[in-house]
Amino acid sequence: MKTTETILPMPDECRIGKHGGFLKFRCLGTRWGGEIYKCHKSKEFYVLETPFFTYSRGNVCSNDPHFYQACDKRENNSRSKKSDYYVYPSWICDGTKDCKEKEDEANCTVGVVNTSKCRHGKTKKIVPVHNFTRCFVLDSDWPSYCRDLKETQTNCSDSAKVAGSCRVDGFLSTVSKHVICHRKTGERAKICDDGIESKCLYISKSCYAHKHVMCDDKADCPDNSDELHPICRSQSRGVCQRKIGKEGRLTLPLAWIGDGTFDCVDESDEKVDIWPTCGTDKSLRLVSSARSCNNVFLCLWGSPGYMELSQLCDGLETCGNENKICSLSRGFQLLSTSVTGSRHGLDKRFPTCLRGVQNIENLRQDHCTQTKFIFPEQSFFGVETKTELFFPNLSAQNCDHMFGELYVYTSCTNRCRNSSCPLRNLPRYEACPSQYPRRVGTIANDTYLAFFVEPHEKTYINNIFVCDNKIKCIEYSRVCDLVDDCGDMSDEVSCTNHFSCNSSRRLIPKTKQCNKQLDCVDLTDECNDQCSKQIVETPFLKIISFIIGSMACLANFATLLRNIWTLDRCKTSASLINRSLIIMISLGDLMVGCYLLVIVFYDVIVYGTTYCINQVEWITSDSCSVVGAISTIGSQISLFSMVGLSVSRAKGIRSSFKKAGEVTSALRRKIIFGEVLITALSVAIAVLPLVGPLEDFFVNGVKFSERLQLFVGTPTKHDILPVIGAYYGRIKKSSLSWDVILEMIRSMFSHDYSYEDHTKIITKVHFYGNDGVCLFKFFVKKEDPQKHFVWTVLATNFFCFILISISYIYIGMVSQNSAKRFAKVPHCRSIIRRNRKLNRKVAIIITTDFCCWVPLILICTLHSLEALDATPWYSLFSLIILPINSVINPLLYDDVVASIIKSSFTFIPSQIFRVKVNLEKLCVAKTNSVTPDHVEELTQIKVKKRSDVVNIGGQI
């Protein structure tokens, strides 16, 4: 109350101090022998006579519209009214006249048997209970009308005084609102049999209320904390009449159901079986509606023992070691979100400005700058300190790699490029009411009431971010840390250091966007407007792949048809073997050409620009495996057949002066057996990785359902085993089968009733799905289980290349020797030309095979030894280097096809030249300045040039 006493303290006797959770001017007053309080920015003083001082706007400090200095806010003491005078209830029927006409002592005798009566709270005499004394105001300092509150605070005759209903001595009765949360009630003065009237709590620091006023769509607390409390977010769809509070049937917070307290008048809230639930045993939980039931992630320890899939890997630790598991399964990196502090957090030093490193080159103290920071930049009564920040002395920088306090302090001091300060909401006193019990209120900017946190005596810090929902506040270290700590994304929405995944709205560091590693469950971090992925990455590769595939198909198809057509004309064993093996080579190369065309078809026609999002669907599909197997079968048939052909020719050249062998049935059977053997070996190499029992060696990874939220992309065994170890503990074996791994993953989730089981939605990335081109997995590392198989195939292919090279070198040497012998013989120039042609062909065969297989084997070896990462080169090898032999082989092994292609190269330039000459002749004829003789002369010149070009084409 405001005082007008003349004896007031001197100004130097007033000090700013804390009282009742607020900063005030506390003064020593000689008049009252204790503390008095000075109003903020005025000469008014006031004293609190009782802890329940009543006030109205402006009756304490005229310049304080927020009642900041008025201490505790309590309900006015009501008094019983008789005539124009008010008396306390305990003054009625106490034997003392308090009203002029003795109205307070009238009808105080119990005369009728059925009249309600009680023992007077002051005189202890038996007195009647009147309607105006029933359910009346309880005063803290004066006795109540009845000694037993049950007599006067139940069965209220005035509905305006009713707070609710409960059982009193076994009978249902109304209860006065004046006993709710009253300090006189408790175990000794319990009114309701279950004491429900005393089930009160500090909903916020400024609101002490009954639990039943919460979540009823009516603001009962000045700061609305009873409706903003977190338990109000999960409510039942079922309704009941609460014992205390608002009239009517209301929903209940799920936290009240089955909690041991009867909150409903009909006590139905403790009959758990009538409320919708989900799950069984450990996953049993109450829900708003049974329609929303889903399987959950099971926690091995901690409460409540389960987690909804939508909350898994959200960055909030709610399941024991959830964040550790998710950091392993999704590649979460540990972020540095705090700045080293001292002086109880008032000094913040960035890492390069820490004491102890100031003498290191470029990190000396003069390379750091100091500034003071407080948000908002306003004046706060009683608070003079600000946070001292020590920054590197740098100009504006990119803050995409900063998080938490690093990001907040840097951006809010205008040291970030293209990043704004995320602090927006003022730290008003009414914000986040249920947090920070050590909060201290003070006047901010002379306009509103703000709060600070007092971690240590007389140390006030306001590093508090106020969420948009005003329900929750967080420290700066949890702002812009990629985690929705507020629950409404307000702590992350203004930050520029993250990328938001589309479907899940999860956040990843911006530096992880477009880094060719999948971090979003929906793959949007690598499939967006800034970056994407296709089966064949560049237009150049698309065109070259189509050209090579088309030429390989046409050339080998022609070779295949011609040799099959003329196979029966073979008269000698050598010609039959050659033609049979050329057919096999053409068949293999044709399959490789078809593989290229199929890949280009899927890349351009089927997927196009949508491949990036659908890449997992493609690499886990049967189509990818089939295409890869066809490519492998074709390349191996071609390679093995070339080995057979080279060895056969080498053997044949040794017996070239002997009589040619005849074609017999036995020879045909041997040729068929050889072809079958070549085909069987090729099919075995291609199909063996797809055999089910061998999937532990050849399955590259698995794709889990996106609903599980645990894994991203297609994790391998190497990726999954640490996750299993983090969940279950240590694993004895360093390697587990896929069946065991998948079963252990399934056991991490519930499998209740008929809920959709997302753990069954698993697709496997088979051997050919290591890349979008679906090629044989030549590039393996030490941890790949199929490395021995791949190395064996590579060694076999390298051995085949050696055989081919030795055979053709031998053929070349024999040919060279024969050429030398025939050079001295007249009329043998045709033999010499034939030998030279053969030597050129041998050189081309060896060179092309060398350029195809040796670089591949060398790169595979370096990749296996981890000397380099050859993964980006996969498309180059699969689309150009390996298939190029499929185009060259028809030219080397079939002279007819080679002559056809040669004539095509000759015909096309000649036709182009002819059209050009005719056009020029026409243009010259139309020119008046040129005579017909000149035209004829020019034509002769052009014709001569044309013949020259034709001759060049023939040489090609």
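The values are calculated or read from the model by the stated rules, or taken from the named source; none is laboratory data. Note that the structure is a prediction, hence the values are computed from the model and not measured. All Cβ positions, glycine included, derive from the backbone under ideal geometry; neighbour counts span all protein chains shown. Accessible surface is based on the protein model in full, side chains and every heavy atom, while ligands, DNA and RNA are left aside. Shrake-Rupley method; radii C 1.70, N 1.55, O 1.52, S 1.80 Å.
Between Tyr208 and Asp696, how high is the FRET efficiency from 1/(1 + (r/R0)^6) when r is the Cβ-Cβ distance and R₀ = 56 Å? Nearest 0.05.
0.30
With an 8 Å cut-off on Cα pairs and a minimum separation of 6 or more residues, tell me the relative contact order of region 666-753 in percent. Can you show the working numbers first?
Numbers: 30 pairs, mean separation 15.7, N = 88.
It comes to 18 percent, rounded to a whole number.
I'd like to check one number: the per residue accessible area of region 759-808, probe 1.4 Å, reported in Å² as a whole number.
That works out to 39 Å² for each residue.
Please state the shape class of region 504-550: rounded when a/c is under 1.5, otherwise prolate if a/b exceeds b/c and oblate if not, all from the C-alpha gyration tensor.
Prolate, since a/c reaches 1.5 and a/b exceeds b/c.
So what is the accessible area of region 369-415 per residue, in Å², with the probe set to 1.4 Å?
43 Å²
Return the distance in nm (one decimal) between the two label points of a simple spin-label model at Leu597 and Phe673, each offset 7 Å from Cα along Cα→Cβ.
Output for this residue pair reads 3.6 nm.
Calculate, for region 436-506, the solvent-accessible area per residue in square angstrom, rolling a 1.4 angstrom probe over the heavy atoms of the protein chains. Spell out each step's value before the answer.
Working: 2560 Å² over 71 residues.
Value returned for region 436-506: 36 Å² of accessible area per residue.
With θ set to phi - 60° and the Karplus curve 6.51 cos²θ - 1.76 cosθ + 1.60, what are the ³J(HN,Hα) couplings of region 851-863 in order, to the nearest whole Hz, using x for Gly and Pro?
5, 7, 8, 5, x, 4, 5, 5, 5, 4, 5, 5, 5
Could you give the size of the charge dipole of region 549-683 about its Cα centre, using +1 on the Cβ of each K and R and -1 on the Cβ of each D and E, expressed in debye and rounded to the nearest 20?
Charge dipole of region 549-683: 1220 debye, to the nearest 20.
Of the lysine pairs in region 474-583, how many meet both conditions: Cα atoms under 26 Å apart, and a spacing of 8 or more in sequence or different chains?
5
Could you check the simple spin-label distance between Ser342 and Cys570, using points 7 Å along Cα→Cβ, in nm with one decimal?
9.0 nm
Considering Cα pairs under 8 angstrom that are at least six residues apart, work out the relative contact order of region 480-627 and quote it in whole percent. Don't jump to the answer; show the numbers that get you there.
Working: 148 pairs, mean separation 29.7, N = 148.
Reported relative contact order: 20 percent.
Give the distance, in whole Å, between the Cα centre of region 361-422 and the Cα centre of region 252-292.
Computed from Cα coordinates, the inter-centre distance equals 49 Å.
PRE reach from Glu617 (point 7 Å along Cα→Cβ): which of region 730-760 fall under 19 Å by backbone N?
Taking a point 7 Å out along Cα→Cβ of Glu617, no residue of region 730-760 has its backbone N under 19 Å.
Considering amide H positions built from the backbone, and no H for Pro or chain starts, which residues 5 or more places from Phe499, or on another chain, come under 5 Å of its amide H?
Amide H neighbours of Phe499: Ile508, Lys510.
Given a cut-off of under 8 Å on Cα pairs at least six residues apart, what relative contact order in percent is computed for region 265-357?
13 percent
Determine the share of region 387-491's accessible area contributed by carbon and sulfur atoms, expressed in whole percent, with a 1.4 angstrom probe. Intermediate results must be reported in sequence, preceding the final value.
On the way: 1810 of 3860 Å².
With neighbouring chains kept in place, the figure for region 387-491 is 47 percent.
Considering only protein heavy atoms and a 1.4 Å probe, what is the carbon-and-sulfur percentage of the accessible area of region 193-243?
50 percent
What is the gain in length, in nm to one decimal, between Ile231 and Ile880 on full extension, counting 0.36 nm per residue of separation less the C-alpha to C-alpha distance?
Numbers: separation 649, 0.36 × 649 = 233.64 nm, distance 6.29 nm.
This chain segment gains 227.4 nm when fully extended.
For the pair Ile543/Glu101, report the inter-label distance in nm, with labels modelled 7 Å from Cα in the Cβ direction.
11.2 nm
Using +1 on the beta carbon of Lys and Arg, -1 on that of Asp and Glu, and nothing else charged, what's the dipole of region 313-440 about the Cα centre, debye to 20?
The calculated dipole for region 313-440 is roughly 160 debye.
For region 498-604, with all protein chains present and a 1.4 Å probe, just round the carbon and sulfur fraction of the accessible area to a whole percent.
Answer for region 498-604 is 65 percent, counting heavy atoms of protein chains only.
Would you kindly derive the ³J(HN,Hα) couplings of region 738-748 from the backbone phi angles with the Karplus curve 6.51 cos²θ - 1.76 cosθ + 1.60 (θ = phi - 60°), listing them in order in whole Hz, with x for Gly and Pro?
4, 4, 5, 4, 5, 5, 5, 5, 4, 6, 7
What is region 583-633 by shape, rounded, prolate or oblate, if you read a ≥ b ≥ c off the alpha carbon gyration tensor as root eigenvalues and call it rounded for a/c under 1.5, prolate for a/b larger than b/c, and oblate otherwise? List each step's numbers first, then the result.
Working: a/c = 4.84, a/b = 2.03, b/c = 2.38.
Oblate, because a/c is 1.5 or more while a/b does not exceed b/c.
Pull out the extension gain between Asp158 and Val493, defined as 0.36 nm times the separation in residues minus the alpha carbon to alpha carbon distance; nm, one decimal.
Stretched out fully, the Asp158 to Val493 stretch lengthens by 115.4 nm.
Under the classification rounded if a/c is under 1.5, otherwise prolate if a/b is larger than b/c and oblate if not, where does region 231-383 fall, given a ≥ b ≥ c as square roots of the Cα gyration tensor eigenvalues?
Cα axes put region 231-383 in the oblate bin.
Holding the Cα-Cα limit at 31 Å, pick out from Lys282/Lys787; Lys282/Lys760; Lys18/Lys472; Lys18/Lys243; Lys190/Lys458; Lys324/Lys472 the pairs that are longer than that.
Numbers: Lys282/Lys787 43 Å; Lys282/Lys760 21 Å; Lys18/Lys472 24 Å; Lys18/Lys243 39 Å; Lys190/Lys458 41 Å; Lys324/Lys472 25 Å.
From the list (Lys282/Lys787; Lys282/Lys760; Lys18/Lys472; Lys18/Lys243; Lys190/Lys458; Lys324/Lys472), the Cα-Cα distance tops 31 Å for Lys282/Lys787; Lys18/Lys243; Lys190/Lys458.
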